Amino acid sequence: IPPERIRNFSIIAHIDHGKSTLADRLLELTGVISKTGKNKQVLDKLKVERERGITVKAQSVSMFYEYKGQQYLMNLIDTPGHVDFSYEVSRSLAACQGTILLVDAAQGIQAQTVANFYLAFGEGLSVIPMLNKVDLPTAEPERAAKQIESAFEIEADRILKISAKTGLGIEQVLPAVIEQTPPPPGSAEKPFKALLFDTWYDTYVGVVCLMAVKDGSICRGDRIVSSHSGTKYEVMEVGVMHPEQTPTTLLRVGQVGYIVCNMKSIAEAHVGDTFYRDRFPVEALPGFVPAKSMVFAGVFPIDAGEFDRLNESIQKLTLNDSSVSVHKETSAALGQGWRLGFLGTLHMDVFRQRLEEEYDTNILITSPTVPYQIKYRDGTSKFIRTPADFPDANTMNDYVESTMEPFVISTLIFPEKYLGSMLELCTTHRGELQNHTFIDESRVMLKCRLPMAEIVTDFFDKLKSKSQGFASFDYEEAGYDASDLVKMEVLLNGEAVDALAAVMHKSSVIVAGREIASRLKDVIRRQLFDIIIQTTANGKIVARETVKQLRKNVTAKCYGGDITRKMKLLNKQKEGKKRMKRIGKVDLPHEAFLTIVKRS
Ligand code: GDP
Ligand code: MG
């Protein structure tokens, strides 16, 4: 099939607007999967993705479609469905020429619709607007169409109205894609050049790279080079996803397919990297940025004897997700563990869930933190990924010029009546309002600049509860800025617990210091001695609480009579112990490590 009859496209949508369902319908329509009427969600491969209904790893599929008597090769390139992965989204978009902007007709435009639209617009793609779920009784297609018109300057009458669930209007989707998406540019005569936009580890063949061939062609036995690292590889297999890996003799200009070469680990496959044929170097495609971690958390085995097993689990999981950064860390309080870096908090949650579920590991994860940057008076600077490494009061006075933290620009979309509470939410999180506009008579889009640290813990939960679930949220990174930061430490019976240290803005110290102390008081159980909890900032004590010593036996109130009740209580206590970590003489429950940077 010549490039004129290839279309590389993607579907962009807010979570739950029906991307996976639409993909399933298109695959059925083109016979790639059989029709069962069920939602197979072929694209959502990982269990956690199916459970959470979000796409974490992009997956792409090739299909054939006959239109006006001609065979077309339609490559549907999937994009991850969450803000944390915006770099991955932009690279997947760089592999296409067109994208379906899918909007739930009942919900209208949401924050990720806006973010995704601008990513696609920035990549120069043609945007094909569609309203989904028009079968719902609550659907308001006219209203949603108006929102699209006013937010993106797309004429309302160009918008297709479909139902991915019932199949209504599905037959118009691929013709619209063919008509409105240009064929891939590029030349068959030029030397091979391809964009790597997704990668995963396959147990049988090893590292698989998904690439969009921008020029030339490639086949088995060719030698290719990574622009980023300069490393040479031998191509062992090429093919297309149909929907599983299906080998072909070659991949040509305009095509999207997979390449298996002798890469040892997924860490060598950088999303956004350009590959060329050995001895025929080409100019690398623009936009390459190595994955960077924006959220860090410490991970420790509850039981030190589990270290090796946990190590193995972490390695297995990172085998398939090169965007997780892994550093060994030793904490005086928690022993040996790791500092893991994630693209964002959802990315972290997904990883945690997979670690706990797929590997059944009993782990302790510390509160998430962002990377801080310290500028020293001697002109050097350093990134800090563990609060324990943040300079203390003396070092601050003697050596530090300034402290910096990362910021984001966030987009919030919600019904007008929540404007007051949303503005309040932003200001209480040190936000700086940039502007707000109405996308229709009663929906507001608010832009606000916030420190990243403010959104990594419970910002999202608060947003949902303050708006009764009606607000949606997305963000993009906005660089580092100077900020008055302080290290807060927690002392238990006079001993600083490194794993409980936190970094925060000066203005939060008093409130947070008291809250942390009182929260810890609530979660630490009474023991055989008094436990004094103190929080300090800049070496000064901010708050103090005491957990009084335990006097009675847990079973004392059972009057010695009911034996099953007694067993139950004892078992409960044992259960509780499982997730405890002994710090000096004090048993700290798992929750203690999670409460640190949360604020009410
Ligand atoms: P994604 O997060 O964008 O991939 O969304 P999904 O495809 O997983 O769909 C989210 C939910 O909406 C699922 O429960 C689907 O069954 C449902 N859904 C998808 N399309 C339609 C539609 O056209 N009509 C209705 N009523 N429900 C739909
Ligand atoms: Mg999905």
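The values are calculated or read from the model by the stated rules, or taken from the named source; none is laboratory data. Since the model is a prediction, treat every value here as computed from it, not as a measurement. We place every Cβ from the backbone using ideal geometry, glycine too, and count neighbours over all the protein chains shown. SASA here: full protein model, heavy atoms, side chains in, ligands and nucleic acids out. Shrake-Rupley method; radii C 1.70, N 1.55, O 1.52, S 1.80 Å.
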Under the 7 Å Cα-to-Cβ spin-label approximation, Arg582 and Leu168 lie apart by a distance in nanometres of 6.5
Heavy-atom accessible area with a 1.4 angstrom probe orders Lys190, Lys133, most exposed first, as Lys190, Lys133
Segment 487-551 accessible area per residue, 1.4 Å probe, protein heavy atoms, integer Å², reads 50
Once the dipole of the chain is set up from charges on Cβ (+1 Lys and Arg, -1 Asp and Glu), the residue from the list Pro301, Val240, Leu160 lying farthest towards its positive end is Pro301
Rounded to the nearest 0.05, FRET efficiency between Asp522 and Ala156 (Cβ-Cβ, R0 41 Å) equals 0.15
For the chain, the longest principal axis of the Cα atoms and the Cα long axis of helix 19-29 enclose an angle in degrees, to the nearest 10, of 30
Zone reached by a paramagnetic label modelled 7 Å from Lys375 Cα along Cα→Cβ, restricted to segment 485-509 with backbone N below 20 Å, covers 485-487, 504-507
If each part is reduced to its alpha-carbon centroid, segment 76-107 and segment 361-418 end up apart, in Å, by 30
Charge dipole of the chain built from unit charges on the beta carbon (Lys, Arg +1; Asp, Glu -1), centred at mean Cα; most positive-end Cα among Val523, Phe192, Ile6 is Val523
Summing +1 per Lys or Arg and -1 per Asp or Glu among the other residues with Cβ less than 10 Å from Thr166's Cβ gives +2
Asn435 neighbourhood, Cβ < 13 Å, K/R = +1, D/E = -1, net charge +1
Only helices counted: for the chain, with every DSSP H run of 4 or more residues adding -39500 (n - 2.57) and the sum spread over all residues, [θ] at 222 nm is -7500 deg cm²/dmol
Longest principal axis of the chain (C-alpha) makes with the long axis of helix 307-319 (C-alpha) an angle, in degrees to the nearest 10, of 20
Whole-Å distance linking the alpha carbon centroid of segment 176-192 with that of segment 113-143 is 24
Under the rule rounded for a/c under 1.5, else prolate if a/b exceeds b/c, else oblate, using alpha carbon gyration tensor axes a ≥ b ≥ c, segment 61-171 is classed as oblate
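Contact order normalised by length for the chain, with contacts defined as Cα pairs under 8 Å and 6 or more residues apart; what percent is it? Walk me through the intermediate numbers first.
Working: 1304 pairs, mean separation 58.3, N = 600.
Relative contact order, the chain: 10 percent.
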In nm, the gap between the two label points placed 7 Å beyond Cα toward Cβ at Gln336 and Lys548 is 4.3
Quick calc, segment 149-199, dipole around Cα centre from Cβ unit charges on Lys, Arg (+) and Asp, Glu (-), nearest 20 debye, gives 240
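Can you tell me the relative contact order of segment 226-353? Whole percent, Cα pairs under 8 Å, sequence separation 6 or more. Let's see the in-between values first.
Numbers: 164 pairs, mean separation 26.8, N = 128.
About 21 percent, as a whole number.
What's the ranking of 170-178, 430-438 by average number of surrounding C-beta atoms within 10 Å, highest first? Could the numbers behind the result be given before it?
Numbers: 170-178: 17.8, 430-438: 14.0.
In descending order of packing, they fall as 170-178, 430-438.
With the cut-off at 27 Å, tell me which of the pairs Lys165/Lys292; Lys35/Lys133; Lys462/Lys548; Lys292/Lys447 have Cα atoms farther apart than that. Provide the component values of the computation, followed by the final result.
Numbers: Lys165/Lys292 37 Å; Lys35/Lys133 20 Å; Lys462/Lys548 33 Å; Lys292/Lys447 24 Å.
Check vs 27 Å cut-off fails for Lys165/Lys292; Lys462/Lys548.
How much FRET efficiency would the formula 1/(1 + (r/R0)^6) give for Glu283 and Ala188, where r is the Cβ-Cβ distance and R0 is 25 Å, rounded to 0.05?
Values: r = 18 Å, r/R0 = 0.73.
So the FRET efficiency works out to roughly 0.85.
Rounded, prolate or oblate: pick one for segment 445-528, where a ≥ b ≥ c are the square roots of the eigenvalues of its C-alpha gyration tensor, a/c under 1.5 means rounded, and failing that, prolate if a/b is larger than b/c, else oblate. Before the final figure, lay out the partial values.
Numbers: a/c = 3.11, a/b = 1.61, b/c = 1.94.
Verdict is oblate for segment 445-528.
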Largest-first ranking of Trp200, Trp338 by accessible area, probe 1.4 Å, whole protein assembly kept, is Trp200, Trp338
Quick calc, segment 123-281, dipole around Cα centre from Cβ unit charges on Lys, Arg (+) and Asp, Glu (-), nearest 20 debye, gives 440
Taking a crude spin-label model, label points 7 Å out from Cα along the C-beta direction, the Gln70 to Asn538 distance in nm is 7.1
Expressed as a percent, the accessible surface of the chain that is carbon or sulfur, using a 1.4 Å probe and the full set of protein chains, is 50
Computed over segment 153-229, the relative contact order (Cα-Cα under 8 Å, seq sep at least six) in percent reads 23
Protection proxy (average C-beta count within 10 Å per residue), highest first, orders 309-315, 482-488 as 482-488, 309-315
Heavy-atom accessible area per residue of segment 84-142, all protein chains kept, 1.4 Å probe, expressed in Å², is 29
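How many Å² of accessible area per residue for segment 167-226, probe 1.4 Å?
Values: 2380 Å² over 60 residues.
That works out to 40 Å² for each residue.
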Sorting Trp338, Val350, Ser421 by the position of each Cα along the dipole of segment 301-428 (Lys, Arg +1; Asp, Glu -1; all at Cβ), the one nearest the positive end of that ordering is Ser421
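Give, rounded to the nearest 20 debye, the magnitude of the charge dipole that the chain has about its Cα centre when Lys and Arg contribute +1 at Cβ and Asp and Glu contribute -1 at Cβ. Walk me through the intermediate numbers first.
On the way: 75 positive and 75 negative charges, 461 e Å.
Rounded to the nearest 20 debye, it is 2220 debye.
I'd like the FRET efficiency for Asp530 and Thr138, computed as 1/(1 + (r/R0)^6) with the beta carbon distance as r and R0 of 45 Å, rounded to 0.05. List each step's numbers first, then the result.
Working: r = 58 Å, r/R0 = 1.28.
With a Förster radius of 45 Å, E is 0.20.
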Once all protein chains are kept in place, Thr203 shows an accessible area at probe 1.4 Å, nearest 10 Å², of 120
